[in-house]
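Heads up, the thing below is written out as structure tokens.
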Amino acid sequence: MSTTLPVGIDDLLRELAPQVLGTLVRRFGDFDTAEDALQEAMLAAATQWPADGLPDNPRGWLTHVAQRRMADTVRAEVARRRRETTVFERDVPDAAAVDRDDTLAMFFLCCHPALSSASAIALTLRAVGGLGTAEIANAFLLPEATMAQRITRAKKKLATLDRPFARPGDAQWHERLSSVLHVLYLIFNEGHTTTSGPDLQRADLSGEAIRLTRSIHRLLPDDTEVAGLLALMLLTDSRRAARTGTHGELIPLAEQNRALWDRALITEGVTLTTGTLASGLTGPYQIQAAIAVLHAQAPRAEDTDWTRILALYHMIERISKNPMVTLNRAVATAMVHGPAAGLELADTLYDQLAGNHRLDAVRGHLHEMAGDFDAAIACYTIAAHRTTSFPERDYLTLRAAHLRHRATP
């Protein structure tokens, strides 16, 4: 798609793509052909809409063009598609609330039980979530080539099944919930801190993740992990206005102007989190939301209750071991027990986070806390070379330059 496409049309196409893909896949059951047809339809829209103006029904236009492309390439299957269209468009009451949102329904359809959880999540992020293969690989801490192979294998696996995108029953919707929540969590994270390019954050991704998580929460108001994930997103997103300066530069949490934090989002997030506590802290999203509450309630960075945050990270690790959680625990450990203790923990992650810039950035921060400026400069410099995010690169480079200046007699 042209990089000169008007911003409004580009945003509209990004919003409509998963909705149209969901319609095509559910009607025709052929993921690869539907994805290819959608790309052709979007390319046609990118060419025609700026010149001819938006059609009255952009979604219908894209769907019509994509269906025509599919018909041109797989005419032999037209009869089967018509039969499936009749089935899928009937008014079926089961799980109807999910079906009203094509994007959300597509997330559940892609998280097929025939796939491993990791493969289903990766496929959904690529096909519906708006993330590229490199961004997904970064989220899974895997090489891009490995992730591309995983997504290809997932597509091939689904291609061997009979009607893999047939509408699940009510019980199957719930079986896929965990994977769908993880997809939304990763989409939000990519929107909150974009892994590559000139912008620190992508509000379109984080906003869509919040919208879809709200939809699930309306359907499952008593599910503590759904509520926890929504609370975590809202509390994290409340800091968005304070995270960048006038030129888009990154401002770390400790240096943010907390008056810019969105108090309405904080209030909603705290209320949601508090409402989950009756059953105890049992899920990773719920616990992460509790950590976000502690950050949100601190009037100043120095007022943060790091002791409780450290205890909560220990709880997450007992439930769901993850190197990024351990890295966060290393920071909390340093805030409670000193930078040497934090560095000792961070250094245990070399094998798991080899080449990941976040490990070097955290080690730089902890060395700076310890007053070892030379080691901090070295870590910041390595991290700056490894990140593909321009704001993160610039911040890390400036941090290193600042310490060089301080170290100069």
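Descriptive notes on the structure:
- The residue that is modelled with the lowest pLDDT, among those in the stretch 199-219 that are within 20 Å of residue 275 (Cα to Cα) and of a type in the set (Ser, Thr, Tyr), is 215.
- The set of residues in the stretch 306-329 that are within 18 Å of residue 369 (Cα to Cα) and more than 25 Å from the chain's Cα centre (by Cα) comprises 306, 307.
- For residue 311, the stated conditions do not hold, so it cannot be described as touching a Gly at 6+ places or on another chain (Cβ under 8 Å), modelled with pLDDT of 95 or more and assigned to a helix (DSSP H, G or I).
- Residues of the stretch 16-63 satisfying the condition of being surrounded by fewer than 17 Cβ atoms within 10 Å (Cβ to Cβ) and closer than 14 Å to residue 110 by Cβ: 32
- Among the residues of the stretch 314-329, those that are modelled with pLDDT under 95 and either more than 20 Å from residue 140 (Cα to Cα) or of a type in the set (S, T, N, Q) (or both) comprise 320, 322.
So that you can scan it fast, the table gives a plain yes or no per residue for (1) modelled with pLDDT of 95 or more; (2) in a helix (DSSP H, G or I); (3) within 29 Å of residue 198 (Cβ to Cβ):
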residue: 236; (1), (2), (3): yes, yes, yes
residue: 241; (1), (2), (3): yes, yes, yes
residue: 247; (1), (2), (3): no, no, yes
residue: 259; (1), (2), (3): yes, yes, yes
residue: 266; (1), (2), (3): yes, yes, yes
residue: 271; (1), (2), (3): yes, yes, no
residue: 278; (1), (2), (3): no, yes, no
residue: 281; (1), (2), (3): no, no, no
residue: 286; (1), (2), (3): yes, yes, no
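- Taken together, the residues in the stretch 246-261 that are under 23 Å from residue 392 (Cβ atoms) and either surrounded by 13 or more Cβ atoms within 10 Å (Cβ to Cβ) or hydrophobic (A, V, I, L, M, F, W, C) (or both) amount to 10.
- Of all residues in the stretch 149-163, exactly one satisfies the criterion of being more than 12 Å from residue 119 (Cβ to Cβ) and in a helix (DSSP H, G or I), namely 159.
- Residue 181 meets each of the listed conditions (1) touching a helix residue (DSSP H, G or I) at 6+ places or on another chain (Cβ under 7 Å); (2) buried (at least 16 other Cβ atoms within 10 Å of the Cβ); (3) without any contact (Cβ under 8 Å) to a residue 60 or more places away in the chain apart from (3).
- Residues that are out of contact with any Ser or Thr (no Cβ under 8 Å at 6 or more places or on another chain), under 28 Å from residue 390 (Cα atoms), of a type in the set (A, V, I, L, M) and touching a residue at least 40 places away in the same chain (Cβ under 8 Å), drawn from the stretch 236-280: 253, 254
- From the options 346, 332, 361, residue that is farther than 15 Å from residue 379 by Cα, at pLDDT 95 or above and either out of contact with any strand residue (DSSP E or B) (no Cβ under 9 Å at 6 or more places or on another chain) or surrounded by 20 or more Cβ atoms within 10 Å (Cβ to Cβ) (or both): 332
- Scan of the stretch 361-409 for residues that are of a type outside the set (Gly, Ala, Ser) and within 22 Å of the chain's Cα centre (by Cα), ordered by number: 362, 386, 387, 388, 390, 391, 392, 393
The values are calculated or read from the model by the stated rules, or taken from the named source; none is laboratory data. As the structure is a computational prediction, the values presented were derived from the model and not from experiment. So basically every Cβ, Gly included, is an ideal-geometry build from the backbone, and we count neighbours across all protein chains shown.
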